[in-house]
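The values are calculated or read from the model by the stated rules, or taken from the named source; none is laboratory data. Everything numeric in this text was worked out from a predicted model, so none of it was measured. We place every Cβ from the backbone using ideal geometry, glycine too, and count neighbours over all the protein chains shown.
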Amino acid sequence: MNAQHLAAYTTSTGEAFQFWVLGTIAVIGALCTVFMKKAVHSALCLAGTMIILAIFYLANGAYFLGIVQIVVYTGAIMMLFLFVVMLVGVTAADSLKETIKGQRWLALLCGVGFGVLLFAGIGNASLKEFNGTGQANANGNVEGLASLIFTKYVFAFEITGALLITAAVGAMVLTHRERTERAKTQRELSEQRIREGRHVPPLPAPGVYARHNAVDIAGLLPDGTPSELTVSKTLRERGQIRDVSTEALNDLRALEQRAEERLERTAIEPETFKRPEEASK
Amino acid sequence: MSFPLLTATAALPALGAVATAAVPAAQRTAAKWLALLVSLATLALAITVLLRFDPDGARYQLTESHAWIKDFGVRYELGVDGIAVALIALTAVLIPFIILAGWHDADPLETGSRRWRPTQGFFALILAVEAMVVISFEATDVFLFYIFFEAMLIPMYFLIGGFGDRAHEHGEETAATQRSYAAVKFLLYNLVGGLIMLAAVIGLYVVADNFSLQEIASARANGSLHMATSTERWLFLGFFFAFAVKAPLWPLHTWLPNAMQESTAPVAVLITAVVDKVGTFAMLRFCLQLFPEASRWATPVILVLALISIVYGALLAVGQRDIKRLVAYASISHFGFIIMGIFAMTSQGQSGATLYMVNHGISTAALMLVAGFLISRRGSRLIADYGGVQKVAPVLAGTFLIGGLATLSLPGLAPFVSEFLVLVGTFTRYPVIGIIATFGIVLAALYVLVLYQRTMTGPVKPEVSAMPDLRVRELVVVAPLIALLIFLGVYPKPVTDIVNPAVKQTMSDVHKKDPKPEVEAAK
Amino acid sequence: MENLIAPLIAAPLLGAAVLLVGGRRLDRVGHWIGTLLSTASFVFGLILFADLLGKNAEHRTLTQHLWTWISVGGFQADVTFRLDQLSMTFVLLITGVGSLIHLYSVGYMEHDERRRRFFGYLNLFLAAMLLLVLADNYLLLYVGWEGVGLASYLLIGFWQHKPSAATAAKKAFLVNRVGDMGLSIAIMLMFTTFGSFAFGPVLSHTGDASEGKLTAIGLMLLLAACGKSAQVPLQSWLGDAMEGPTPVSALIHAATMVTAGVYLIVRSGAVFNAAPDAQLAVTVVGAVTLLFGAIVGCAKDDIKKALAGSTMSQIGYMVLAAGLGPIGYVFAIMHLVTHGFFKAGLFLGAGSVMHGMNDEVDMRRYGGLRKYMPVTFITFGLGYLAIIGFPGLSGFFSKDKIIEAAFAKGGTEGWILGGAALLGAAITAFYMTRVMLMTFFGEERWKNQPTRSPEAPSAEPAAETRGEHSEPHPHESPKVMTIPMIVLAVGSVFGGAFFSIGDRFLHWLEPVTGHSEGDSPLSATAVTGATMVCLVIGVAIAWARYGRKPVPAVAPRGSLLTRAARRDLFQDDFNHVVLVRGGEHLTRSLVYVDHTLVDGVVNGTAAGFGGLSGRLRRLQNGFARSYAVSMFGGAALLVAATLLMRAV
Amino acid sequence: MNPVNYLYLAALLFTIGATGVLIRRNAIVVFMCIELMLNACNLAFVAFSRMHGNLDGQIIAFFTMVVAAAEVVVGLAIIVSLFRTRHSASVDDASLMKL
């Protein structure tokens, strides 16, 4: 009997130690999942918690599940989450301000109440003795599961198969975008622009007069104000435009000053550049 | 197996309704004729039922019985006693007249109106109501009865809400609002009653483990089915409440004036003369047979409520300014008489009540349909808008008067016989109630004559001066009804002969006997 | 022979049906059809009468069973007719006077475009009235009872375009319905007491029933009689009923229908004989009414209304007599018959006067008409002499007997009743003389009429509708109208003598009604003498007031009593204030109560649910998280419930 | 140590997840919280499996994982398509259920 096998039906001090340390981390991870502002951070915390849970599965003798937990959950599902987070916007941070009246308090009340009730229930029904999975895992955990799945639970298993296929198809259908009309040619687009009378030339590119030329930095207008037109619509709606106008102009000034020094010209403007609205304050 | 006559009587109008509804939109007249023919064929079947029925034979005749929902013991069980036969005949007689009277009520309005009036639908719905009413009269399975008792509300709802008078004093928008209000009120009020009854039906099943009226009643009679007193009373109240709403009994009556006021005259007749009868009929058949002890227990309260209905309905009829509302309140008064007769628990009272149901159907139909003809001519329901009609349309006025006289139970016309039987039946057991109810006949004279005086007599109002007299179609509707009123007034024996044995049975169900006259008792 | 009873009723009924259903096609011959069928009925009556006369007194009851009308449990009503001496008397009166009045109406209604319908209604009335007197049970009688009420309603309101006529018709029907209520309660009482309401079983078993029940039945019958016979307190409709055409007033509201109450009481004599309290009530009602009617009759300027008051008063005499029991029954009926003659004659005369005077009814606009309409004057005059009880004429015999019988009642009651009857005789003499003088004597006040003053009682608006405001040209009526008047006048002159000499009428009726001689404190001669004195006094006063002095064309204000009498002793005002106004308030408040309270509860329930669901709807704010909270809360509750169940 | 402690941990994690579902508005985070709850359940099942000494609990946990995977796939697809049309991943923005 190796140690892991033994762990299936007894608990050692080591396991207790492991439980308390990792359990604390899991709870902290769970709390961070809930309270982190950015979805990416939440996802990372959740992944951590899941790995800890995988360890706990192993500790409880569920070797197959432990591995599946890491491979499927942490590996596949969390990756899927991260992909979606990326689509939606990695940097976007949620405002944690509550908009529904009383929602937070009700939620906390329900959460605490539910937790208390669960604890009370478990405490009420707590078992002093337990069997351990040693017997069940005698022929190996995976073999045991397999024999159950393909005999007793074969019907449910088949249905889950169907479910997975349906889910895959459903996801494809949901995310697939069907073009309902022919894409417009360049000629048509330009004609449309002329007809509408706005922005007759093509939209300006981002990052003009800016030190950066990343797509999320708005180009500056001649008076130094940023033009949102220069940034892609998706970023605009995500609110992910970085405003660099002030520092860019200050940089420009510094550059000009240095050039003057080098060209020995007199300063045109002694004070630092300010944006018009700041200047008016 | 013999020909299922009862099923056929109910199924024919049902099929007719489907067929009428299926007639293409352009063939409006064809749909009307089809509906009329179906209703006449149903009348023929009803007459066959009447002829095949043997008053002195078994209690329920022409029975049919098939298992339906086996798990709950629900059976498709039909059978008629004398009371049911009389009411089926009444229904079958009235429907052709209703269809004929409403011949143009569902014609499309002139262009520009936003109301959509599918002619086919109107006549199909009337036939549907007929089918459901007939099967309600025939059902001897409580559950079967319940289903059609409730299902009747659906076509009625559309008839009330979908088809109003052609003209309205407050304009079309208001009319539509008021109509839908009336229809919804009708539906909700009756649904509430029906749901309470449903609870009682389930309760009955729990207690009796059966839905068959005959089996429960015989089990009750021979003592093999014992119910706790309180259980029986609660179940009784559940049933009675639904029937009292449908009937309607004071103070559950307020849906009726709204419904009758807003619907067209033929539909109003359908409500009060046909559909409401199911309520009073069911009191007689279900309340008394299933719960004899509770019926006797509740009698004093019900009699007082019926008495209030009589006087209150009549007084309110006097105070109405709208012709149709007036007739509605008069009907409430009459339903008070019917319920009083049923619960007086004397053979005169119950035979009288059954006869009253028949006669009230005919007399109200006569009065209301003529009122409808009148209203369609002037385009107003307000009494004050009329005056002197007698001068310009004497036949209309004359038929209206006869309808009114029937409503006030003039001797010689049918309602007198029934009203007097009810009064006598009540009086023999409850003299005080009988005497107070007699005041109802004075009040009836008041509201009928005031109505007649204000609309028909006096100087001719300019608005009515060009009013045409009754047309042939309208005469065809009214004349047979009046003939029936006179015939049943002088010779009610055909109806009483059928009804009496059934009433005798019911009386023995509730363990009641007619009180003996004083002189005989002394001997 | 009894098979002839049904045709007796059927003839006028057929007439009514043919005339009313037949439509305009019969407009030209309708009145003759009506008259013919009415006469046919009279002929049948005569044949039956002859048949009865040919039989012994004990076998003079014929019955004809047609069919079973209602049969439920012990409740058995048959359509059976019963012809005995009492009904025979009525049959002859009804069909005889009825036929005469049909004939008269041919002339009177000549210019009315709806004459056919009028005759239809008259025939309907005859049929109903015959049914009333021929019925063999109270329920069938009730049919006739209401039938005559209906005919009366239709005929009073015959000129429906006049609002006053329509109102009067409605009033008559309603007041009668109150009486009918009494009759129906009486029938119910009979049914509970005797188990039947046919004449035979009821009237022969009165001895078995308790007196309380019999008194109740008697009082209810009295109520019925009051309604139909316009007795106090249900008399108010009769005056207004004069809105109907005059032949109607003559036939229905003088000769026949209004006497139905007397018939009812006499027919139910056995019940009343066994219930002295009820009998007393009958006499009181009769005495009060005879004075009431007489007083009202004194003050009316409308000739028909004056006659209506007189009718009321004379029926009061009959009711009084009927209340006296076996001493009075025969005389009640005898007075009824003679009254039928002379009052019908008087009304026809009044109709004739009106016919000649452009439908003017105000006696203050008559005067000196004897020169212009001699036949009317003579027939009316004979009727007048008959009603005041001029010796030798019919009223003398019949009324005298009633006064005698009243005294014969004995005791204080007898003195009071007799005194009232005597006083009534004096007042009768007064008001009838007044009518006579104002109409046929004095100056011709219809000439050079000033513009009508508003105080004057309004004439029949028919005059206005005919558009004749010009001065009237009094003229005698056509033969078709005068012949019936002459026949009736003959009846009023000789009827009483014919009946009384040899107690013919007494012997004829006695087997049905029974008869007993009371022990009068006064001798017959003394009573006759006192009556004569009263008569003379009455005539004298009237002559002094209306004969010697000219009659003002506009009614003077009059004494308090006069004013009260003009307003029917405020009885109508009482009705108006208490019943009409009270009823209006009651119905109006009930309409309000129904709308706000009864319906309010219903609508309130609906509104309550509506409001509640409106509130609840706000919980459904559309935010998925909100729903999630409630789900989570629900889950928590479920856990709690599970734990609780485990704990318990 | 008593394996019941695993149950307490599972309950705690479940409650935290549930509260997170209620509090967070970002649909993705909400989804993560749901995953947390499912995982907590799985932990409980596994602990039960150990306590009862049979593998049925683990089987249920396995099925839960499969269903969770399917759910995540569909759910995320919905979020993506919602984001495409409404340019927001906030669950509060999808309050179409309100009348």
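Structure values in brief
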quantity	calculated
Unmet requirement for C:Leu586, which otherwise passes all of (1) at pLDDT 85 or above; (2) closer than 30 Å to D:Gly20 by Cα; (3) touching a helix residue (DSSP H, G or I) at 6+ places or on another chain (Cβ under 8 Å); (4) not hydroxyl-bearing (Ser, Thr, Tyr)	(2)
Qualifying residue in the range B:484-494 (condition: out of contact with any Lys or Arg (no Cβ under 9 Å at 6 or more places or on another chain), among the aliphatic types (A, V, I, L, M), in contact (Cβ under 8 Å) with a residue 24 or more places away in the chain and at the interface with chain C (Cβ under 8 Å from one of its Cβ atoms))	yes
Count - residues of the range C:223-263 that are more than 16 Å from C:Ala281 (Cα to Cα) and assigned to a helix (DSSP H, G or I)	24
Residue that is within 17 Å of B:Ala31 (Cβ to Cβ) and crowded, with 24+ Cβ neighbours inside 10 Å, where the choices are B:Ile95, B:Ile83	B:Ile95
Unique match (being surrounded by 13 or more Cβ atoms within 10 Å (Cβ to Cβ) and either more than 13 Å from every other protein chain (Cβ to nearest Cβ) or aromatic (Phe, Trp, Tyr) (or both)) among C:Gln571, C:Gln620	C:Gln571
Test: residue in the range C:281-292 that is part of a strand (DSSP E or B), in contact with a helix residue (DSSP H, G or I) (Cβ under 8 Å, 6 or more places away or on another chain) and in contact (Cβ under 8 Å) with a residue 12 or more places away in the chain	no
The range C:574-594: number of residues that are loosely packed, with under 13 Cβ neighbours inside 10 Å and away from every other protein chain (no Cβ under 13 Å)	3
The listed residue being at pLDDT 90 or above and buried (at least 24 other Cβ atoms within 10 Å of the Cβ), out of C:Thr193, C:Thr95	C:Thr95
Residues of the range A:128-180 that turn out to be at the interface with chain D (Cβ under 8 Å from one of its Cβ atoms), assigned to a helix (DSSP H, G or I) and hydroxyl-bearing (Ser, Thr, Tyr), as a count	3
Flag if C:Gly411 is over 25 Å from the mean Cα position of the chain (by Cα), of a type in the set (Gly, Ala, Ser), closer than 27 Å to C:Asp519 by Cβ and modelled with pLDDT under 85	yes
Residue count for the range B:40-65, restricted to those that are crowded, with 20+ Cβ neighbours inside 10 Å, farther than 16 Å from B:Val495 by Cα and among the small types (Gly, Ala, Ser)	0
Selection count where residues are surrounded by fewer than 18 Cβ atoms within 10 Å (Cβ to Cβ) and within 13 Å of B:Leu127 (Cα to Cα), scope the range B:23-39	2
The listed residue being surrounded by fewer than 24 Cβ atoms within 10 Å (Cβ to Cβ) and either over 19 Å from the mean Cα position of the chain (by Cα) or farther than 25 Å from B:Ile441 by Cα (or both), out of C:Met109, C:Met181	C:Met109
Flag if A:Ile77 is in contact with a helix residue (DSSP H, G or I) (Cβ under 8 Å, 6 or more places away or on another chain), facing another protein chain (nearest Cβ under 7 Å) and either modelled with pLDDT under 75 or farther than 19 Å from A:Ala39 by Cα (or both)	no
Within the range D:63-81, tally of residues that are surrounded by 19 or more Cβ atoms within 10 Å (Cβ to Cβ), more than 7 Å from chain A (Cβ to nearest Cβ) and farther than 20 Å from D:Asn26 by Cα	0
Complete set of residues in the range C:19-48 that are free of Cβ contacts under 8 Å to residues at least 60 places away in the same chain and either of a type in the set (Gly, Ala, Ser) or surrounded by 17 or more Cβ atoms within 10 Å (Cβ to Cβ) (or both)	C:Gly23, C:Ala40, C:Phe42, C:Phe44, C:Gly45, C:Leu48
Test for C:Glu211: is it surrounded by fewer than 24 Cβ atoms within 10 Å (Cβ to Cβ) and under 27 Å from C:Gly30 (Cα atoms)	no
Candidates C:Arg566, C:Arg557 - the one that is touching a Lys or Arg at 6+ places or on another chain (Cβ under 8 Å), basic (Lys, Arg) and buried (at least 17 other Cβ atoms within 10 Å of the Cβ)	C:Arg566
Selected residue (criterion: surrounded by the most Cβ atoms within 10 Å (Cβ to Cβ)) from residues of the range C:49-61 that are in a helix (DSSP H, G or I) and in contact with a helix residue (DSSP H, G or I) (Cβ under 7 Å, 6 or more places away or on another chain)	C:Leu52
Filter pass, D:Phe48 being farther than 21 Å from A:Val40 by Cβ, hydrophobic (A, V, I, L, M, F, W, C) and either more than 16 Å from the chain's Cα centre (by Cα) or in a helix (DSSP H, G or I) (or both)	yes
The range A:39-63, residues that are at the interface with chain D (Cβ under 7 Å from one of its Cβ atoms) and over 17 Å from the mean Cα position of the chain (by Cα)	A:Leu53, A:Phe56, A:Tyr57, A:Asn60, A:Gly61, A:Ala62
Pairs with Cβ under 6 Å, 6+ apart, first in the range A:5-18 and under 17 Å from A:Asn139 (Cβ atoms) and surrounded by 14 or more Cβ atoms within 10 Å (Cβ to Cβ), second modelled with pLDDT under 85 and not small (Gly, Ala, Ser)	A:Ala8/A:Thr133; A:Ala8/A:Asn137
Qualifying residues in the range B:413-431 (those that are among the hydroxyl-bearing types (Ser, Thr, Tyr) and part of a helix (DSSP H, G or I)) - the one nearest to the other protein chains (Cβ to nearest Cβ)	B:Thr428
Unique match (being closer than 19 Å to C:Gly144 by Cβ and within 14 Å of chain B (Cβ to nearest Cβ)) among C:Leu66, C:Leu83, C:Leu62, C:Leu48	C:Leu66
Yes/no for D:Asn39 being surrounded by 24 or more Cβ atoms within 10 Å (Cβ to Cβ), assigned to a helix (DSSP H, G or I) and either at negative phi or modelled with pLDDT of 90 or more (or both)	yes
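Condition check ((1) free of Cβ contacts under 8 Å to residues at least 12 places away in the same chain; (2) assigned to a helix (DSSP H, G or I); (3) under 23 Å from the mean Cα position of the chain (by Cα)) across all residues:
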| residue | (1), (2), (3) |
| --- | --- |
| B:Leu6 | no, yes, yes |
| B:Ala14 | no, yes, yes |
| B:Leu34 | no, yes, no |
| B:Ala44 | yes, yes, yes |
| B:Leu87 | no, yes, yes |
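Matching residues to (1) over 30 Å from C:Tyr627 (Cα atoms); (2) out of contact with any Cys (no Cβ under 6 Å at 6 or more places or on another chain); (3) basic (Lys, Arg):
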| site | (1), (2), (3) |
| --- | --- |
| A:Gly121 | no, yes, no |
| A:Gly140 | yes, yes, no |
| A:Met172 | no, yes, no |
| A:Arg179 | yes, yes, yes |
| A:Thr185 | yes, yes, no |
| A:Arg195 | yes, yes, yes |
